[in-house]
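First the structure, in the form of structure tokens, and then the observations on it.
The values are calculated or read from the model by the stated rules, or taken from the named source; none is laboratory data. All values derive from a computational prediction rather than experimental measurement. Cβ coordinates were reconstructed from backbone atoms using ideal geometry, including for glycine residues, and neighbour counts include every protein chain displayed. When the accessible area is computed, the model is the full protein with side chains, heavy atoms only, and any ligands, DNA or RNA have been set aside. Shrake-Rupley method; radii C 1.70, N 1.55, O 1.52, S 1.80 Å.
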Amino acid sequence: MDDRDTRDRRPRSPSPRTHGSALGAAERPSSPAATQGQGPRRRAVVVGGRRTPFVKAFTHFMELDTIALGVAATRGLLAELGLPRQTVDAVVWGGVILPSASPNVGREIALDLKLPPSAYASTVSMACASGLLAIVEAARMVERGDADVVIAGGSDSTSNAEVKLPQRAVHALAPLAFGKPRPAAVMAALGDLWPFHDLLPTRPRVAERTTGLLMGESAEDMARRNRISRKDQDAFAVRSHQRAAAAIATGRFALEVVPVTPPGKSPVAEDSLVRPGTSLESLARLRPVFARGGTLTAGNSSPLTDGAAATLVMSEERAREMGFGQLTWLRDWAF
């Protein structure tokens with residue numbers, strides 16, 4: 001993002017679009033208008049954003065799934081900006097822990113908020129960059145001329161991560177779930193399930209499929225390879241908590257946070273993850289969590305969190321027509 005238009009406006013040939021690859025400024029796929037000699041690419045601007053409070057998993061937001069959190073953030077965005085819902089062209093949403101019964105969270109948010117049936121809605125997932133990818137996809141839609149008004153954001157409810165049955169149990173019980181099982185089929189399924197101690201549900205793990213490493217274990221490896229010391233990580237964590245606490249105390253965060261009222265509970269209006277009293281001394285006493293002799297602790301690592309955030313991405317022309325200012329515009333991106 002930048003506040004100066006320094007983009008190279010010369011037409012560029014389209015490059016392969018590789019999901020998840022790091023595409024630099026000279027490699028990023030160009031819009032059809034830019035590659036077919038029809039003039040410069042349209043500019044995508046961010047005109048506003050709102051978020052729910054971010055809270056520790058299994059606390060305040062346990063009753064709210066990722067869809068409900070996304071609805072809360074998006075509803076707050078629409079209300080704050082006074083945006084008529086019929087003007088929304090598309091919703092692009094990001095998520096990591098997607099519900100199996102309704103994985104297109106973006107579509108569910110559009111339906112719950114009664115956005116126009118013509119509004120395109122999709123969901124993207126790229127680990128912790130999922131929300132940013134949603135904004136990038138919204139910008140691409142604007143640049144291509146596919147949309148003028150796009151809601152882009154992301155949400156996750158770690159509290160509602162699904163607990164899976166072992167696949168052996170799923171395969172054994174499938175004949176009973178589909179059709180009308182006879183006693184012989186039931187006995188056969190019970191035989192397939194033995195020994196029963198292997199059928200306990202497995203707890204969710206934020207692990208990488210090809211390596212089996214947890215996110216924290218990968219972070220340990222990254223810290224080792226890049227020589228990021230425990231002291232530097234602790235200092236970064238202390239500074240982060242201090243800045244967040246100051247933003248809460250001065251009311252800066254209140255400008256972007258939408259209070260959320262869980263069913264049967266009091267409204268939640270502030271992040272519950274901030275520890276103003278965090279110090280280098282207190283963090284130094286914590287033991288490493290992911291590796292013996294490691295550097296990541298419960299104090300300098302990201303906690304499991306519930307929350308959502310939504311932004312409004314528009315074409316510069318439409319934003320001007322509707323009287324919206326610009327927070328920033330998207331110049332380029334890379335992952």
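What order do you get for 288-295, 133-140, 221-228 when each peptide is scored by the mean count of other beta carbon atoms within 10 Å, highest first? Write down the numbers at each step before the final one.
Working: 288-295: 14.9, 133-140: 24.6, 221-228: 11.4.
The packing order, highest mean first, is 133-140, 288-295, 221-228.
Considering only protein heavy atoms, what per residue accessible area in square angstrom results for segment 83-170 with a 1.4 angstrom probe?
On the way: 3570 Å² over 88 residues.
Heavy-atom accessible area per residue stands at 41 Å².
I'd like the accessible area for M215: 1.4 Å probe, protein heavy atoms, all chains in place, Å² to the nearest 10.
100 Å²
Take the alpha carbon atoms of segment 103-161, find their center, do the same for segment 248-278, and report the distance between the two centers in whole angstrom.
Cα centres, segment 103-161 to segment 248-278: 24 Å.
Just flag the trypsin sites (Lys or Arg not before Pro) in segment 58-119 sitting in loop per DSSP whose Cβ has no more than 14 other Cβ atoms within 10 Å. Display every interim value, and only then the final one.
Numbers: sites: R75, R85, R107, K114; in loops: K114.
Passing sites in segment 58-119 are K114.
What is the gain in length, in nm to one decimal, between R85 and T250 on full extension, counting 0.36 nm per residue of separation less the C-alpha to C-alpha distance? List each step's numbers first, then the result.
Details: separation 165, 0.36 × 165 = 59.40 nm, distance 3.22 nm.
Full-extension gain reported as 56.2 nm.
Roughly how many nanometres apart are two label points built 7 Å out from the Cα toward the Cβ at R75 and K231?
Between R75 and K231, the simple spin-label model gives 5.0 nm.
Protein chains only, probe 1.4 Å: how do W93, W333 rank by accessible area, largest first?
On the way: W93 0, W333 25 Å².
The most accessible residue leads, giving W333, W93.
Want the number for E270 to L327: 0.36 nm per residue separation, take away the alpha-carbon distance, what's left? Each step should come with its number before you reach the end.
Numbers: separation 57, 0.36 × 57 = 20.52 nm, distance 2.28 nm.
Here the segment from E270 to L327 would lengthen by 18.2 nm.
Ignoring everything but the protein chains, give the 1.4 Å probe accessible area of E270 in square angstrom, nearest 10.
Approximately 110 Å² of E270 is accessible to the 1.4 Å probe.
At a Förster distance of 56 Å, what's the computed FRET efficiency of S282 paired with S118, Cβ-Cβ distance as r, to 0.05? Don't skip to the end; give the middle numbers.
Working: r = 54 Å, r/R0 = 0.96.
Rounded to the nearest 0.05, the efficiency is 0.55.
Using a/c under 1.5 as the rounded threshold, could you call segment 242-335 rounded, prolate or oblate? The axes a ≥ b ≥ c are square roots of the C-alpha gyration tensor eigenvalues, and prolate needs a/b larger than b/c, oblate otherwise.
Working: a/c = 2.46, a/b = 1.69, b/c = 1.45.
Prolate.
At 0.36 nm per residue, and after removing the present C-alpha to C-alpha distance, how many nm does the segment from Q167 to D221 gain when stretched out fully? Could you put the intermediate results ahead of the total?
Working: separation 54, 0.36 × 54 = 19.44 nm, distance 3.07 nm.
The span from Q167 to D221 would gain 16.4 nm if fully extended.
For a test of the definition: using alpha carbon positions, the gyration tensor, and the 1.5 limit on a/c, classify segment 45-120 as rounded, prolate or oblate. Before the final figure, lay out the partial values.
Numbers: a/c = 2.12, a/b = 1.36, b/c = 1.56.
Oblate, since a/c reaches 1.5 and b/c is not below a/b.
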